[in-house]
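A.B. asks: I'd like to ask you about the structure that follows.
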Amino acid sequence: MTKEKEKIVEHTAFEQFELDERLVRAVALMGYERPTPIQSQAIPLALKGIDVMGAAQTGTGKTAAFGLPLLHRALTEKHEKPVALVLSPTRELAVQIEEAMKKFAKHTKLKVLAIYGGVGYGPQIDGLKKGADIIVATPGRLLDHVSKGTLHLDTLKMLVLDEADRMLDMGFLPDVRRIIARVPKDRQTMLFSATFPDEVTRLSKEILQNPQLVQIGHKSSAARGLTHTAYPVPAHLKPDLLSEILIEINSPAVLIFTRTKHRADRIQKMLTKSVFRVTTLHSDRTQKQRSAALEGFKQGKYNIMVATDIAARGIDVTGITHVINYDLPATSEDYVHRTGRTARAERLGDAVTLVAPDEEVLLREIERHLGQQMTRSALNHFDYMVPAPEKTSSLQKTSGTVGPQKKTFASSHRRPKIPRKTGR
Ligand code: AMP
């Protein structure tokens with residue numbers, strides 16, 4: 001970029017905050033012209049050192065909302081290393097936050113380091129020895145380093161829990177409590193999440209001191225710009241319907257969620273036999289495979305990624321046009337997180353959910369949570385009346401033959417085409 005151009009992009013609405021000029025310059029170069037609503041509200045509070053509870057839809061710029069104030073305080077206040085810790089529920093999100101923070105810190109000498117499991121300790125120990133100002137970590141590996149003595153948390157002045165509802169659920173809570181017990185009480189704490197169920201709000205009172213609530217939109221709202229469509233289908237026809245839907249939408253990037261790792265693998269195998277370029281992301285894969293899957297999906301090597309809920313949190317892949325729930329998520333909060341992988345940063349996106357008869361109850365719960373009824377759709381040319389083979393798993397491919405039939409449903413809700421969004 002020429003000096004002149006650099007000068008032009010320097011002038012952005014981020015100057016309204018009293019942020020260090022090097023950070024303002026960095027976000028300008030990243031193309032951030034004006035702060036998003038969560039940034040406008042959270043940054044001034046966070047800069048004052050106040051505890052913040054940030055509730056905003058996914059994909060609305062939460063990383064910068066907490067990242068810029070952390071970096072600013074690290075730049076302007078005398079500190080020992082590490083001064084800030086960001087906790088993330090998944091390795092992929094930790095890496096993504098690290099990458100964003102490094103870009104924000106590009107013109108400074110601050111060091112940002114990600115610490116997460118599934119990879120060797122060596123490079124992380126080296127990184128810690130060199131001194132990291134800001135650590136982004138998953139809880140398990142962080143605690144390993146603490147118990148090995150390769151990392152101490154008593155210098156921390158700032159703590160962020162990203163995807164806070166996940167960090168404070170039963171799975172993570174014991175580890176998170178262990179970590180918090182080692183962080184000085186005299187600290188700034190920030191919690192960010194798209195959803196704040198009541199239990200999390202209750203727990204947050206233990207962790208935060210006089211927090212300011214920053215809430216953008218409805219308490220548990222899904223991303224704006226997102227359409228929600230349900231496809232009622234007998235369980236045994238889900239594989240066929242999925243293939244048909246994928247052919248119709250013909251998208252460069254679709255994320256499919258399944259209930260289990262096993263189902264993710266089986267769908268991948270099934271789809272790979274067709275024209276699709278498919279990868280999977282779940283916790284039975286090695287970290288190397290997980291990173292390669294995500295990177296390949298981001299770069300367009302794969303146009304479909306089939307994943308379990310580990311991909312539901314925070315992952316930012318530009319251009320995902322559709323999120324398909326092959327199986328319904330366990331909770332309506334999970335639905336918001338899954339579908340938030342599309343329609344990010346004010347773009348459009350479609351959430352498509354395949355609903356077997358025994359999943360209708362869950363679907364209604366999600367609809368109540370969203371405050372809207374989903375469009376029930378069906379593919380015109382798809383044969384919904386193929387009987388289930390006598391003994392089959394729900395993923396087994398059915399033959400195309402039509403035997404004696406009982407009419408199923410959806411024929412009264414036909415919609416000719418799945419909307420295809422362009423220009424993303
Ligand atoms: P996040 O919610 O932090 O994952 O951000 C979602 C996406 O929005 C990321 O691709 C960010 O780079 C982008 N983004 C965040 N803040 C801004 C902004 N102020 N202007 C433009 N893009 C942004």
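The values are calculated or read from the model by the stated rules, or taken from the named source; none is laboratory data. Because the structure is predicted, anything quoted here is derived from the model rather than measured. Every residue, glycine as well, gets a Cβ built from its backbone with ideal geometry; the counts of neighbours run over all protein chains shown. These area figures cover heavy atoms from the full protein model, side chains too; ligands, DNA and RNA do not enter into them. Shrake-Rupley method; radii C 1.70, N 1.55, O 1.52, S 1.80 Å.
A.B. asks: Please enumerate the residues belonging to the range 163-202 that are open to solvent by 50 Å² or more (accessible area, probe 1.4 Å), of a type outside the set (A, V, I, L, M) and assigned to a helix (DSSP H, G or I).
C.D. replies: Selection gives R166, P174, R177, R178, R182, D198, E199, R202.
A.B. asks: What residue, of A132, A84, A114, A137, is over 21 Å from the mean Cα position of the chain (by Cα), surrounded by 24 or more Cβ atoms within 10 Å (Cβ to Cβ) and more than 13 Å from the ligand (Cβ to nearest atom)?
C.D. replies: Just a single option satisfies the conditions, and that option is A84.
A.B. asks: Could you list all residues from the range 73-111 that are under 17 Å from I179 (Cα atoms) and of a type in the set (V, I, T)?
C.D. replies: V83, V86, T90, listed by residue number.
A.B. asks: From the set of residues in the range 25-63 that are of a type in the set (S, T, N, Q) and near the ligand (Cβ under 10 Å from one of its atoms), which is surrounded by the fewest Cβ atoms within 10 Å (Cβ to Cβ)?
C.D. replies: Restricting to residues being of a type in the set (S, T, N, Q) and near the ligand (Cβ under 10 Å from one of its atoms), the top hit is S40.
A.B. asks: If the requirement is being in contact with a helix residue (DSSP H, G or I) (Cβ under 9 Å, 6 or more places away or on another chain) and within 30 Å of S332 (Cα to Cα), which of these qualifies: G171, G117?
C.D. replies: The unique qualifying residue is G117.
A.B. asks: Does the range 120-129 hold any residues that are surrounded by fewer than 19 Cβ atoms within 10 Å (Cβ to Cβ) and not in a loop (DSSP other than H, G, I, E, B), and which are they?
C.D. replies: Selection gives G122, P123, I125, D126, G127, K129.
A.B. asks: Quick one: would you say D327 is acidic (D, E) and open to solvent by less than 20 Å² (accessible area, probe 1.4 Å)?
C.D. replies: yes
A.B. asks: Being open to solvent by 30 Å² or more (accessible area, probe 1.4 Å), within 20 Å of A137 (Cα to Cα) and within 16 Å of the ligand (Cβ to nearest atom) is the requirement here; does E15 meet it?
C.D. replies: Answer is no for this residue.
A.B. asks: Enumerate the helices (runs of 4 or more DSSP H) found wholly within the range 226-323, keeping only those where 1 or more residues are buried (at least 22 other Cβ atoms within 10 Å of the Cβ) and within 16 Å of the ligand (Cβ to nearest atom).
C.D. replies: On the way: elements: 238-249, 261-272, 287-299.
Once the helices (runs of 4 or more DSSP H) in the range 226-323 are filtered for at least 1 residues that are buried (at least 22 other Cβ atoms within 10 Å of the Cβ) and within 16 Å of the ligand (Cβ to nearest atom), what remains is 287-299.
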